[in-house]
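Next up is a structure, given as structure tokens.
The values are calculated or read from the model by the stated rules, or taken from the named source; none is laboratory data. This one's a predicted model, so the numbers in the text were calculated from it and none came from an experiment. Heads up, the Cβs are rebuilt from the backbone with ideal geometry, glycines too, and the neighbour counts pull from every protein chain shown. The accessibility values were calculated without ligands, DNA or RNA, using every heavy atom of the protein model including side chains. Shrake-Rupley method; radii C 1.70, N 1.55, O 1.52, S 1.80 Å.
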Amino acid sequence: MIKIDGARVNVREDLVYFVLNKPRGVLSAMTDDRGRPTVGDFVADQPQRLFHVGRLDADTEGLLLLTNDGELGHRLMHPSFGVSKTYLATVPGPLGRDVGRRLRAGVELEDGPAKADAFREVQASGDRVIVEITLHEGRNHIVRRMLAEVGHPVQRLVRTTIGPVRLAGQRVGTLRELTRDELAELYRLVEK
């Protein structure tokens, strides 16, 4: 049982929720017939049949949720619920003055317009810049494509948050259970 806005909500005891800090080179799949490493390898010892909530391409690192709660997983990924996802991207620098404005206003991609909910420069060092970008949609390679569209192709990409769930200091390749507070906040975000 968890509390959402003061109300108690029953969560079935057979439902599990994990946060994986996915390493680069690992597929967002539960199995691979070619023997490549997958996120399923990190939960192979779990008795429940789990799935990943959304995807990260093999070259992208960071936060990936794994659960057997199909309803919550669907709602978290559906754009109508507007659950934000934040990424740190390393790109060639320096950044032009209008990059953030263009991304927040929206850029045209081959599959339609895309815009960032938030964008900021985190750190600049020589010819590399780390930027933070937040959006609530999850089309294929959208962060990479948006940054390439404004002239800054991604060299490294890490998802750091989904809604209230943060990687914080979680080491790459480790798995942890969601906290009760994180789970309650996720449910609150997708209730309708």
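At 7 Å along Cα-to-Cβ for each site, give me the label-to-label distance between ASP117 and GLU185 in nm.
1.2 nm
What number do you get for the chain when its Cα radius of gyration is normalised by 2.2 N^0.38 Å, N = residues? Present the calculation step by step, with values, prior to reporting the outcome.
Details: Rg = 17.3 Å, N = 192, 2.2 N^0.38 = 16.2 Å.
Its radius of gyration relative to the 2.2 N^0.38 Å reference: 1.07.
Here's another thing I want to ask about it. Probe of 1.4 angstrom, ligands and nucleic acids ignored: what's the accessible area per residue over region 74-148, in square angstrom?
Result: 53 Å² per residue.
Under a point-charge model restricted to the Cβ atoms of Lys and Arg (+1) and Asp and Glu (-1), what is the dipole moment magnitude of region 85-143 relative to its Cα centre, in debye to the nearest 20?
The calculation lands at about 180 debye.
Mind checking which of MET146, LEU183, ALA58 is farthest towards the positive end of the chain's charge dipole, using Cβ charges of +1 (Lys, Arg) and -1 (Asp, Glu) about the Cα centre?
Going by the charge dipole, the pick is MET146.
Give or take rounding to whole Å, what are the principal axis extents of the alpha carbon atoms in region 22-123, in descending order?
For region 22-123, the Cα spread along each principal axis is 51, 30, 27 Å.
Could you tell me the relative contact order of the chain? Use alpha-carbon pairs under 8 Å, at least six residues apart, and round to a whole percent.
On the way: 365 pairs, mean separation 51.8, N = 192.
Answer for the chain is 27 percent.
Mind listing the long-range amide H neighbours of VAL129? Cut-off is under 5 Å, sequence gap 5 or more, other chains count too, H placed in the peptide plane at 1.01 Å from N.
VAL91, GLY93
Express as a percent, rounded to the nearest 5, the fraction of DSSP beta bridges in region 10-74 (both residues included) that run antiparallel.
90 percent
Length gain on complete extension for the stretch SER125 to ASP33, per 0.36 nm per residue less the alpha carbon to alpha carbon distance?
29.0 nm
Next question, about the same structure. Out of the total accessible area of region 84-192 (probe 1.4 Å, heavy atoms of protein only), what percent is carbon and sulfur?
Accessible surface attributable to carbon and sulfur in region 84-192 totals 47 percent.
Using a 1.4 Å probe on the protein heavy atoms only, what accessible surface does MET77 show? Give it in Å² to the nearest 10.
60 Å²
Here's something else I'd like to know. Among DSSP bridges having both ends in the chain, what percentage is antiparallel? Round to the nearest 5.
Restricted to the chain, the bridges split so that about 90 percent are antiparallel.
Residue by residue, what Karplus-based ³J(HN,Hα) values in Hz, rounded to whole numbers, does region 177-185 have, using 6.51, -1.76 and 1.60 with θ = phi - 60° and x for Gly and Pro?
For region 177-185, the Karplus-derived couplings read 7, 4, 6, 4, 5, 4, 5, 4, 5 Hz, x marking Gly and Pro.
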